[in-house]
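Scroll down for the structure; my scribbles are underneath it.
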Amino acid sequence: QVQLVESGGGLVQPGGSLSLSCTASGSFYRISRMDWYRQSPGKTREWVAAITSDGTTFYADSVKGRFTISGDNAKNTMYLQGNNLKPADTAVYYCYVQGRLTMAAGLTHYWGQGTQVTVSS
C-alpha cells in the first residue's frame, strides 16, 4: 500500500520561507513524477511545481523564481523550498505522485493528505 507523508508548513511571516517534504512509502517500481499542488479557501486546487524522474523541474508562473522543487530518488522523497512568501501563498499544499507499482502495471497516482501553510504577520 502506498502512502504519501508530508511534513513542514505552518505559520510563516510575509517575506519568510517555507520548507515542505513529501515521502512516498510503499513499493514503487518507478516514480515518473512528483508534483506539489495547493488549494486556498474557496479556490480550486492549483498546480505549483513538478519534478520528473530525470530531475527536470517545472514551475507555475506564480511561484517561479521563489520556489524550488527537488527530489531524492533513493528515498522517494521530494522537497519544496519557498522564499519571499506572500499572503497569496497561503493554502493547503498537497503532494502528488505518479508512477508504476510494477513493471507491467499502468500509471497510477496518489495524493498526500495536505499540509497547511499560512503566510501572515
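If you scan region 23-38, which residues turn out to be open to solvent by less than 30 Å² (accessible area, probe 1.4 Å) and modelled with pLDDT of 95 or more?
If the condition is that a residue be open to solvent by less than 30 Å² (accessible area, probe 1.4 Å) and modelled with pLDDT of 95 or more, then M34, D35, W36, R38 are the ones that fit.
Please specify each residue of region 101-119 satisfying the condition of being assigned to a strand (DSSP E or B) and either open to solvent by less than 50 Å² (accessible area, probe 1.4 Å) or among the small types (G, A, S) (or both).
Once the filter is applied, which keeps residues that are assigned to a strand (DSSP E or B) and either open to solvent by less than 50 Å² (accessible area, probe 1.4 Å) or among the small types (G, A, S) (or both), region 101-119 yields T108, T115, V117, T118, V119.
Could you list, in sequence order, the residues of region 53-100 that are surrounded by fewer than 16 Cβ atoms within 10 Å (Cβ to Cβ), part of a strand (DSSP E or B) and at pLDDT below 95?
D72, R100
Here are the criteria: (1) surrounded by 15 or more Cβ atoms within 10 Å (Cβ to Cβ); (2) more than 20 Å from T102 (Cβ to Cβ). Tell me which single one Q13 does not satisfy.
Condition not satisfied by Q13: (1).
Hey, among the residues in region 39-52 that are over 14 Å from the mean Cα position of the chain (by Cα) and of a type in the set (S, T, Y), which one's least open to solvent (accessible area, probe 1.4 Å)?
Across region 39-52, the extreme among qualifying residues is S40.
The values are calculated or read from the model by the stated rules, or taken from the named source; none is laboratory data. Bear in mind the structure is a predicted one, so any value in this text is a computation, not a measurement. FYI the Cβ positions are ideal-geometry reconstructions off the backbone, even for glycines, and counts take in every protein chain you see. Note: areas computed on protein heavy atoms with side chains; ligands, DNA, RNA excluded. Shrake-Rupley method; radii C 1.70, N 1.55, O 1.52, S 1.80 Å.
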